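Structure, as C-alpha cells:
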Amino acid sequence: MQTAGEHPSHPDAARPVQPDASPTPDATRPAQPVGRRRRPVSTRPGTSLARTRGRWFWVFVSPFLAGLVVFVYIPIAWSLYLSMFDARNTVTPTKFVGIDNYVYLMNDPLFRDSMGTFIVFALVIVPLTFACALGLALLLHRIPRFQAFFRSAFFLPTACSYVVASMVWRMSFFNGARFGLVNTVLRGAGLDPVNWLGGENGWYWLVLVTLRLWLQVGFYMVLFIAGLNAIDPQLHEAASLDGASGRRAFTQITFPLLRPTSVAVAMLLTINAFQAFDEFYNTLNTVRGYPPYARPPLVYVYLISFGEGSQDLGIGSAGTMILTAVILVFGLVQSRVLAIGADR
Amino acid sequence: MKPGRRTLALRYAALTLLAVAFLLPFYVIARNAFSTQAWITAPAWHWLPDAVGVQTLTKVLTDPGIGVLAALGTSAVVSTIQTLGTVVIAMMAGYGMARWSTRAARVVTGLTVFTLMVPTTVTFVPMFVMVSSLGWISTFRGLIVPGLFSAFAAYLFRTAFLGFPADLEDAAAIDGANQWSTFWRIVVPNSLGMVAAVGTITFIGTWNAFLWPLLIAQDPAMRTVQVALSQLMTSQGIRYPEMFTGALIAVAPALVVFGVLQRWLVQGVTQSGLK
C-alpha cells in the first residue's frame with residue numbers, strides 16, 4: 001500500500017541518532033500499518049543546532065496547529081459543554097440540564113429513525129458502489145485502446161457538486177411530472193408516472209442511491225485501478241499456465257490481492273455515507289420545508305440545530321457528540337482492520 | 001493473459017453504453033440550459049434543445065434577482081484563497097511532521113490523525129458555534145478560515161515528504177541554508193506534483209462545498225454558487241432554463257480544473273485512499 005519510495009538516508013552509522021523508542025508509551029501515535037518505515041531521525045539532542053531546529057519545527061507547524069485547536073478542538077470541547085445546557089437560540093447558555101439532551105435524543109423516535117435511515121442507506125449504497133467501482137475497474141483493466149477516455153468519463157462526475165446533481169435528478173430524471181425522463185420511459189412501457197420524491201413506497205431511495213452512485217463511483221474506481229495495477233502481472237501468467245483463468249483467476253488471485261484496497265474502499269464508503277447531507281437536502285427540501293422521512297443523522301442534527309422553529313444548539317451539540325462517537329468507532333475499527341490487512 | 005477478441009468487443013460495447021449513461025447528466029444540464037420552459041415541460045421528452053443561444057445565459061448573469069454572478073464571485077474568492085491557504089499551511093505542517101521526530105512532532109501527528117478520523121462535516125454544529133461567536137457569520141472570514149486547516153492535506157504531505165530524499169536538504173544545510181529557506185527553495189520546488197494533487201482535490205471540494213456555506217452565508221449577498229443554486233431550486237417562479245443555466249455555469253470551473261489537472265487528481269485520490 002505504501003507508495004512512497006524508500007528513504008535513502010535511513011539511519012546511517014555516520015551520525016548520532018536519537019533513539020526512537022521513548023520511555024513513555026506512545027499513546028498519541030495511532031495504529032499504523034505494521035512495517036511502515038520509521039520517520040527519518042536527524043535531530044541531535046543537546047546541541048544548539050538541535051534547539052534551533054526545534055524552533056523551526058514550530059515555525060512550520062504552528063499555523064496548522066493553531067487552526068486545529070481553534071476550529072476543531074475548542075469547538076468540540078465547547079460543544080460538549082453546550083450539550084449539557086438548555087441552549088435554545090444561544091451559544092452562551094445558563095441553564096444546566098445534565099444529560100437531559102442526550103436522554104431527549106435517545107427517546108426521540110426521529111433520532112432513532114435517522115440512525116435507521118443511515119443503516120438502510122449504507123446497506124444499499126456501500127455494497128452497490130463497491131461492486132460497481134470494482135466492475136468498472138475490471139472492465140477497464142488492460143484494454144488496449146481508449147482506456148484514458150473511458151476512465152475520464154467515469155471519473156468526471158466526481159467534479160460535479162451534489163447540488164447540481166440533485167438538480168438534474170430532481171428536476172429532469174426523476175421529476176414527478178409526466179415530462180420527467182424516467183416517467184417518460186415508464187409511460188412508454190404503459191405504466192403510470194411515479195411521484196418519486198413524494199414519500200410513497202420509498203421511491204426516493206432510488207433517486208438518492210442512483211445519484212450518489214453516479215457521483216462517487218469513479219472515485220473508488222480510481223482506487224481499484226491503482227490496486228489492480230499494483231498486482232504483478234506475472235502472477236496471472238503463472239496462473240493461466242496452471243489452467244486458472246477468468247473467474248477462477250479473479251476469485252483466487254485478483255480479489256485476495258486487492259484486499260487492502262477493498263477494505264479501504266468499504267471503510268471510506270461507509271464513513272462517507274454517514275456524512276450524507278447535500279443530496280438529501282437538495283432533492284427533498286421544498287418551499288414547505290424538509291419532509292418527515294429520509295432524514296439521515298446529519299440532516300437530523302441540521303434541522304434540530306438550525307431548522308425552522310427549532311434552533312436548539314444544546315440538543316444539536318449532544319447529537320454532534322453522539323455522531324462523533326459513532327464515527328470515531330468507525331475510524332478505530334478502520335485503522336485496526338487496515339493494519340491487519342497490511343500485516344497479512 | 002490477454003482478453004480474447006470477442007470478449008474485448010463485448011467489453012467495448014459495455015464501456016460505451018456506460019460512458020453514455022455517465023455523461024448523460026452533463027448533457028441534460030446543457031439541454032435544459034439551451035431550451036425553453038415549454039420545451040422542457042412538454043409531455044414528450046425532447047433530446048435536442050430548442051433555444052441554442054446566449055439569451056438565457058445573459059439573463060441569468062445579469063438578473064440580480066437570480067444572483068448567480070455575485071455568487072460566482074464569492075465562490076471564486078473563497079475557493080481560490082482556501083485552496084492556496086490549505087496547500088501552504090498543510091505543506092508546512094506535513095514537512096514538520098515528516099522531518100522532526102521529537103515528542104511534540106508525535107503529538108501533532110497524533111492530533112492530525114485524530115482529526116482525520118472525525119470529518120469536519122460531522123462537527124459542523126461546534127464549528128458554527130465558534131464562528132458565530134467570533135462574529136464571522138456572513139463574512140469571507142467565516143467562509144474561508146475554518147476550512148484552511150485540512151488534516152487530510154497535511155497528512156498527504158507528510159506521507160509525501162517522508163519519501164523525499166533528505167540528502168538534498170542536508171547538502172543545503174551544509175551550505176548554510178536554514179530549514180526555512182531549504183524548505184522553500186529545495187523541498188517545495190521538487191514536490192510540485194503533490195502540490196497539484198492536493199490543490200486540485202481542495203479546489204473541487206471547496207468549489208462544490210454546500211453545508212458550511214449554507215450555514216455561514218446567511219446574508220444572500222454572501223452566498224456561494226452552490227447555495228444560490230440550491231435556493232433557486234426551492235424558490236417559486238424560477239424557470240427551468242434559468243436554473244440549469246446556473247448549474248452549467250456552476251459546474252464549468254470544476255470541469256475545467258478536472259480536465260486540465262486530471263492526472264494530478266488521480267494521483268491525489270490514489271494516495272488519499274491508500275494513506
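Just so it is clear, none of the values below were taken in a lab; they were calculated from the coordinates. No experiment lies behind these values; they were computed from the predicted model shown. Methodologically, a virtual Cβ is constructed for each residue, glycine included, from the backbone with ideal geometry; neighbour enumeration extends over all protein chains shown.
Centroid-to-centroid, using Cα positions, segment A:133-193 and segment B:202-248 are 22 Å apart. Available extension along the chain between residue B:10 and residue B:42 is 7.8 nm, counting 0.36 nm per residue and deducting the alpha carbon span.
Distance between the pseudo-spin-label points of residue B:173 and residue A:248 (7 Å out from Cα toward the beta carbon): 5.7 nm.
Assuming a ≥ b ≥ c are the square roots of the Cα gyration tensor eigenvalues, decide whether segment A:103-343 counts as rounded (a/c under 1.5), prolate (otherwise, with a/b larger than b/c) or oblate. Judged from the Cα gyration tensor, segment A:103-343 comes out oblate (a/c at least 1.5, b/c at or above a/b).
Taking segment B:174-205 and a reference point 7 angstrom along Cα→Cβ of residue A:59, the backbone N atoms nearer than 20 Å belong to B:174-191. Take every Cα pair under 8 Å whose residues are at least 6 apart in sequence, average their separation, divide by the length of segment A:208-344, and the relative contact order is 23 percent. With the simple spin-label model, which puts each label point 7 Å out from Cα in the Cβ direction, the residue A:89 to residue B:252 separation comes to 4.4 nm.
The distance from the alpha carbon centre of segment A:270-300 to that of segment B:109-172 is 26 Å, rounded to a whole number. FRET efficiency for the residue B:104 to residue A:77 pair, using the beta carbon distance and R₀ = 22 Å, is estimated at 0.55. May I ask you to list the residues of segment A:279-305 whose amide nitrogen lies under 13 Å from a point 7 Å from Cα along the Cα→beta-carbon direction of residue A:120? Only A:292-297 pass the distance filter. Restricting to DSSP H runs of at least four residues, report the calculated mean residue ellipticity at 222 nm for chain B, -39500 (n - 2.57) per run over all residues, nearest 500 deg cm²/dmol. Computed ellipticity for chain B at 222 nm equals -23000 deg cm²/dmol.
Taking a ≥ b ≥ c as the square roots of the Cα gyration tensor eigenvalues, segment B:167-217 comes out prolate, since a/c reaches at least 1.5 and a/b is larger than b/c. In terms of the mean number of neighbouring beta-carbon atoms within 10 Å, the peptides A:299-307, B:76-84, A:181-189, B:105-113 order highest first as A:299-307, B:105-113, B:76-84, A:181-189.
Give, in nm to one decimal, the length gained when the segment between residue B:184 and residue B:23 is fully stretched (0.36 nm per residue of separation minus the Cα-Cα distance). Extra length available between residue B:184 and residue B:23 comes to 53.8 nm. On C-alpha positions alone, give me the angle between the axis of helix B:68-99 and the longest principal axis of chain B, in degrees, nearest 10. Orientation of helix B:68-99: about 20 degrees from the principal axis.
Here the simple spin-label model places points 7 Å from the Cα toward Cβ, and for residue B:77 and residue B:263 these points are separated by 3.5 nm. Relative contact order for segment B:62-273: 33 percent, from Cα pairs under 8 Å spaced at least 6 residues apart, divided by residue count.
Peptide A:89-100 has a mean shielding of 1, counted as Cβ atoms of other protein chains within 10 Å of each residue's Cβ.
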